[in-house]
1. Specify which of the listed residues (Glu317, Glu350) is assigned to a helix (DSSP H, G or I) and within 25 Å of the chain's Cα centre (by Cα).
2. Only one of Thr335, Thr271 is under 23 Å from the mean Cα position of the chain (by Cα), farther than 30 Å from Ile136 by Cα and modelled with pLDDT of 95 or more; which?
3. Of Asp446, Asp433, Asp379, which residue is open to solvent by 50 Å² or more (accessible area, probe 1.4 Å), touching a residue at least 12 places away in the same chain (Cβ under 8 Å) and on the phi > 0 side of the Ramachandran plot?
4. For residues in region 131-155 being outside any helix (DSSP H, G or I) and in contact with a Gly (Cβ under 9 Å, 6 or more places away or on another chain), which is modelled with the lowest pLDDT?
5. Do you know which residues across region 330-342 are among the hydrophobic types (A, V, I, L, M, F, W, C), over 23 Å from Gly41 (Cα atoms) and either outside any helix (DSSP H, G or I) or touching a Lys or Arg at 6+ places or on another chain (Cβ under 7 Å) (or both)?
6. In the list Arg28, Arg24, which residue meets the criterion of being among the basic types (Lys, Arg), in a helix (DSSP H, G or I), in contact with a His (Cβ under 9 Å, 6 or more places away or on another chain) and in contact (Cβ under 8 Å) with a residue 40 or more places away in the chain?
7. Please enumerate the residues belonging to region 101-123 that are out of contact with any strand residue (DSSP E or B) (no Cβ under 6 Å at 6 or more places or on another chain) and crowded, with 24+ Cβ neighbours inside 10 Å.
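The values are calculated or read from the model by the stated rules, or taken from the named source; none is laboratory data. The structure displayed is predicted, hence computed values, not measured ones. Heads up, the Cβs are rebuilt from the backbone with ideal geometry, glycines too, and the neighbour counts pull from every protein chain shown. Please note that ligands, DNA and RNA were not included when accessible areas were found on the heavy atoms of the full protein model with its side chains. Shrake-Rupley method; radii C 1.70, N 1.55, O 1.52, S 1.80 Å.
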Amino acid sequence: MEITRQLAERIVDTRTECIPDAARVVARQALMDFIGVAIAGAREPLADILAAEIDAEGGHPQAQLMGRPGRASVRQAALFNGSAGHAHDYDDVHNAMTGHPTVPVAPAVLALAEHLGRSGADVIAAFCAGVDAECILGRFAGPNHYARGWHATGTLGAFGAAAAAARMRHLDVAETAATLGIAGTQAAGLKSQFGTMCKPLHAGHAAATGVDAANLAARGFSSRLDILEADQGFLATQSECGSAEQWEKALAEPAYTQDICFKYHAACYLTHSSIEAVRTLSERHGLAPKDIADMDIRVDQGHLKVCNIPEPQTGLEAKFSLRLTAAMAMAGVNTASIDVFTDEAAQSEELAALRDRVSVAAHAERNPNSIVNIRTVDDHTFSEACNVAIPMTDLDAQWRKLETKFRALVAPRLGDTAANAIIEACHELEQADSVAGLMHLLRSADG
């Protein structure tokens, strides 16, 4: 199978007019959501460290650092914006890649579009090409890649960013295959780093890798043109390679962007179903922390290696704790707010006492639902199942939810006027001659 070439051909052939309407709408929504989470993450400690390193390195001011006053090289901007966008673990997800599709792709697309003077339609086409690439590979590689300990946002995301960057640079099929090869030999990201600054770095590194790969390929840098299917290539070393039938089925999907799922809690996505189930039970039955004797959460086996830190001590670790996020939901903590995941919250005696009444186990058989069972102190039992990993089809309603989230993230940092202007620019992105106006809006006035 000429997998790399076939994928390169699809990337080159991606045209805005051929992308389904729903995918183009969700692309604009995803870009707006990414901008929101990146601006919110731009003043986190990890972002401050990266900004200081960029300042020390120096570089041509080619692209905007989101939520900061400065500009940097395209590569530096992709690294910074991607890392900031994943700092709160509040960015979107996609079942096909078992990871976060937008955060490695959008930073590469927007930085290159700003530098090269590309149109909004170019941005949409490149973005969709990138998301399709990482999702196609996710479907082909299957769950084994993620189960082995690879963070797909960093690994498959590097291919997504490379695909988008190649499309943004208008590379031909051979150059695009080389771009995938250059990115593939650098793709990285380990799940063992969840709960540390390295997890957000995976997204930024993937974005920067995609930019580098396309830039080098455009200059004639050589690479194998079959990196995906080669003996000791990417799939052979990082997954139990799928069948020809799996590949053809994955490649045949006309678009993947419309199936992006957005996050409305500022924690690991695998905690969201249990958070929603706890909130439903609390509201339906009028439950409070004092009423809870114990709470049992049943999840898919894969959750246990991702978000089951039993006694988190930091705000970052708290985002990956099913026990603590369930306790926060029962205690009425607003988990949609990025401000609640702090070291103080992780070490709160009150929350810890409730957390210690929560147990977590895997379903006996594969089940996509998170099931929460609560036993009260007066020996009543309540149960709720939830699965948030289902894309919305009412895209107007999704716009409204995302705009509310966006304003909450951006208005405190850039002000209401800027937040509303960015929302409007994202709605009209496909008609824009360039992204210069949008990128200028993302600039923070303070140093």
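1. Values: Glu350 fails: within 25 Å of the chain's Cα centre (by Cα).
Exactly one of Glu317, Glu350 is assigned to a helix (DSSP H, G or I) and within 25 Å of the chain's Cα centre (by Cα), namely Glu317.
2. Thr335
3. Working: Asp446 fails: on the phi > 0 side of the Ramachandran plot; Asp433 fails: on the phi > 0 side of the Ramachandran plot.
None of the other options fit; the residue is Asp379.
4. Only one residue tops the list, namely Gly142.
5. If we filter region 330-342 for residues that are among the hydrophobic types (A, V, I, L, M, F, W, C), which is where we start, we get 330-331, 333, 336, 338, 340-341.
So of that shortlist, the ones also over 23 Å from Gly41 (Cα atoms) come out as 330-331.
Across region 330-342, the qualifying residue is only Ala331.
6. Residue meeting the stated conditions: Arg28.
7. Answer for region 101-123, where residues must be out of contact with any strand residue (DSSP E or B) (no Cβ under 6 Å at 6 or more places or on another chain) and crowded, with 24+ Cβ neighbours inside 10 Å: Thr102, Val103, Pro104, Val105, Ala106, Pro107, Ala108, Val109, Leu110, Leu112, Ala113, Val123.
The rows are residues; the columns are (1) β-branched (Val, Ile, Thr); (2) surrounded by fewer than 24 Cβ atoms within 10 Å (Cβ to Cβ).
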site	(1), (2)
Arg43	no, yes
Ala47	no, no
Ile54	yes, yes
Pro69	no, yes
Gly99	no, no
